[in-house]
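Every number in this text was worked out from the coordinates using simple rules, so none of it is lab data. This structure is a prediction, so every number in the text was calculated from the model and none was measured. Every residue, glycine as well, gets a Cβ built from its backbone with ideal geometry; the counts of neighbours run over all protein chains shown.
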Amino acid sequence: MRTTANLSTRTDTSDAAFVAAPKGAAARLLDALRDSPRTVDELMVDLEMSHSTCSAGINRLMRMGWVVDCGLRAVTRAGRTAIVWRALDTPQPIAHLRPTRKTLAARIDCALRILEANGSKADIEFVLRGLADA
């Protein structure tokens, strides 16, 4: 069940609506992440969205169980480290979204998706660095 400040809204029907198919910006973000795992910074550029819209959309998708941190990190245009997000085929329960140690298999799966989508030398080097940190 989702957590809210107002406990009276915590019903089975409202929880079902909360994890229903995303709409608007969140739907565009989810579609993009289904193509390949990306950072918020990459999504901003690819989808021509503002940082606040993109970040809020990823946060909502994460709380809904549609996207997860794949365990890899990338450098943003500003030179900072960012989470690489990946889409799930079906939403996962919120309990699964709590921070956990990422397995090597999950990182390899995410890395393969990135390579399938892009495959540039820089992407390969990024993936290898991420796997070395596993």
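Worth pointing out:
- Summarising the amide proton neighbourhood of L72: residues at separation of 5 or more, or on other chains, whose placed amide H is nearer than 5 Å comprise V84.
- Each residue of the range 28-34 is assigned a 3J(HN,Hα), and the resulting list reads 5, 5, 4, 4, 5, 6, 5 Hz, derived from the Karplus form 6.51 cos²θ - 1.76 cosθ + 1.60 (θ = phi - 60°), x at Gly and Pro.
- Per-residue ³J(HN,Hα) for the range 70-87, Karplus 6.51 cos²θ - 1.76 cosθ + 1.60, θ = phi - 60°, Hz, x for Gly and Pro: 7, x, 9, 10, 10, 8, 7, 4, 7, x, 9, 7, 9, 6, 9, 9, 9, 7
- In this label model, R73 and L112 are separated by 2.5 nm, measuring between points 7 Å along each Cα→Cβ vector.
- For W66, nonlocal amide neighbours, meaning residues 5 or more places apart or on other chains whose placed amide H falls under 5 Å from its own, are Q92.
- When each of the peptides 82-88, 71-77 is scored by how many other beta carbons lie within 10 Å of its residues on average, the order from highest to lowest is 82-88, 71-77.
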